[in-house]
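The values are calculated or read from the model by the stated rules, or taken from the named source; none is laboratory data. Given the structure is predicted, the values throughout are model-derived calculations rather than measurements. Cβ placement follows ideal geometry from the backbone for every residue including glycine, while neighbour counts extend to all protein chains displayed. The area values use the complete protein model at the heavy-atom level, side chains included, leaving out ligands, DNA and RNA. Shrake-Rupley method; radii C 1.70, N 1.55, O 1.52, S 1.80 Å.
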Amino acid sequence: MMRRCYSREFKLDVCQKITSGEISKSRACREHSLSPSVLDRWLEQYKAKGDAAFQGGNWRGGIQTPEARIKELESSLGRAHLELEFMKEALGKLTHRSGKKEP
């Protein structure tokens, strides 16, 4: 399936018309053959960034500082370490239990 690409200007125009009440979401979907989910995503981005929307990059989380990213990664690593320790312990108990001879 071929993905269609829309220009930034087109997305801005459609979002501006919808938010101003010039056209409805359903009309925009019909006229431009857009799926409602695509239009909802565009509108979410437009509401978050306004006229600066559709310039690429991460628009949902905002700009993340390197320090915040490091903290997020350290937290993920800590959770992964705990999960690994849990799995090792569970595997050890399972191996120990299955190694016993039943009377």
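Condition check: in a helix (DSSP H, G or I), modelled with pLDDT of 90 or more, open to solvent by less than 100 Å² (accessible area, probe 1.4 Å) and charged (D, E, K, R). Does K88 satisfy that?
No, not satisfied.
Of the residues in the stretch 57-71, how many are at pLDDT 75 or above and open to solvent by 60 Å² or more (accessible area, probe 1.4 Å)?
The total comes to 6.
Condition check ((1) modelled with pLDDT under 85; (2) open to solvent by 80 Å² or more (accessible area, probe 1.4 Å); (3) touching a helix residue (DSSP H, G or I) at 6+ places or on another chain (Cβ under 8 Å)) across all residues:
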| site | (1), (2), (3) |
| --- | --- |
| R8 | no, no, no |
| V14 | no, no, yes |
| I18 | no, no, yes |
| C29 | no, no, yes |
| V38 | no, no, no |
| L43 | no, no, yes |
| Y46 | no, no, yes |
| G78 | no, no, no |
| L84 | no, yes, no |
